[in-house]
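**Q** Sharing a structure here in structure tokens format.
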Amino acid sequence: MDADPEALDRLVQTSFTVMAVLSQAAAAHDLSLTQLRVLAILRDHEPKIAELAAYLGLDRSSVSGLIDRAVKRDLVLRTTSEDDARAVRVSLSPAGHRLAPTLTAEIGAALTPLTSKLTLAEQRKLGALLTKLLD
């Protein structure tokens with residue numbers, strides 16, 4: 001099935017708006033957008049460096065540098081993987097765990113003016129449609 005050009009244009013416009021909100025939230029905490037993504041991933045997961053690199057679409061050396069900087073800022077911890085002593089897992093440090101909900105709240109507050117234009121039923125439908133797009 002061919003894509004509707006107007007729907008694609010709206011999706012791109014929406015993604016630019018969301019990226020701007022994410023970039024502002026990251027900058028307010030002296031983070032790059034990629035560092036923000038790493039913190040968001042680590043809220044719910046403790047991946048190996050290689051898994052994190054694959055998820056981010058970056059090479060392992062780039063991710064190692066990202067993690068080095070996050071460790072220096074006390075936002076992330078490195079631990080030896082229990083299932084493979086050669087692998088390193090990364091997780092949020094206590095400071096990272098404190099920052100994550102702050103970032104979530106700030107981003108939510110910045111996006112609320114957009115979603116508040118929709119009824120609750122429309123917001124739920126949007127959530128379902130976005131889930132369908134990402135699955």
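**Q** When the residues of the range 18-50 are filtered to those that are farther than 16 Å from Arg73 by Cα and more than 15 Å from the chain's Cα centre (by Cα), which remaining residue is surrounded by the most Cβ atoms within 10 Å (Cβ to Cβ)?
**A** Selected residue: Ile49.
**Q** For Asp74, state whether it is exposed (fewer than 13 other Cβ atoms within 10 Å of the Cβ), of a type outside the set (Val, Ile, Thr), at positive phi and at pLDDT 90 or above.
**A** On the way: exposed (fewer than 13 other Cβ atoms within 10 Å of the Cβ): yes; of a type outside the set (Val, Ile, Thr): yes; at positive phi: yes; at pLDDT 90 or above: yes.
Yes; evaluated as a whole, the condition is true for this residue.
**Q** Another question, if that's okay. Taking only pairs six or more apart or across chains, which ones have beta-carbon atoms under 8 Å, a first residue in the range 44-59 that is on the phi > 0 side of the Ramachandran plot, and a second residue that is of a type in the set (Asp, Glu) and part of a strand (DSSP E or B)?
**A** From the range 44-59, no pairs qualify.
**Q** Which ranges mark the helices (runs of 4 or more DSSP H) fully within the range 27-80 that have 1 or more residues being touching a helix residue (DSSP H, G or I) at 6+ places or on another chain (Cβ under 9 Å) and farther than 20 Å from Pro101 by Cα?
**A** It comes to 49-56, 60-72.
**Q** For the range 98-129, which residues satisfy the criterion of being touching a residue at least 24 places away in the same chain (Cβ under 8 Å) and either of a type in the set (Phe, Trp, Tyr) or over 18 Å from Ser32 (Cβ atoms) (or both)?
**A** Result: Leu111, Leu114.
**Q** Go over the candidates Arg60, Arg86 one by one and state the one that is at pLDDT below 95 and in contact with a strand residue (DSSP E or B) (Cβ under 9 Å, 6 or more places away or on another chain).
**A** Numbers: Arg60 fails: in contact with a strand residue (DSSP E or B) (Cβ under 9 Å, 6 or more places away or on another chain).
Being at pLDDT below 95 and in contact with a strand residue (DSSP E or B) (Cβ under 9 Å, 6 or more places away or on another chain) holds for just one of Arg60, Arg86, which is Arg86.
**Q** Additional query: Anything in the range 113-127 that is surrounded by 10 or more Cβ atoms within 10 Å (Cβ to Cβ) and not in a loop (DSSP other than H, G, I, E, B)? List them, or say none.
**A** Leu114, Thr115, Glu122, Gln123, Arg124, Lys125, Leu126, Gly127
**Q** Could I ask something else about it? State all residues of the range 1-42 that are touching a strand residue (DSSP E or B) at 6+ places or on another chain (Cβ under 8 Å) and in contact (Cβ under 8 Å) with a residue 60 or more places away in the chain; if no residue qualifies, say none. Before the answer, list the steps.
**A** We begin by selecting, within the range 1-42, every residue touching a strand residue (DSSP E or B) at 6+ places or on another chain (Cβ under 8 Å); these are 38-39, 42.
Passing the criteria: only Leu39.
The values are calculated or read from the model by the stated rules, or taken from the named source; none is laboratory data. It should be emphasised that the depicted structure is a prediction, and the values quoted were computed from it without experimental measurement. In this analysis, Cβ positions are derived from the backbone assuming ideal geometry, glycine residues included, and neighbour counts consider all displayed protein chains.
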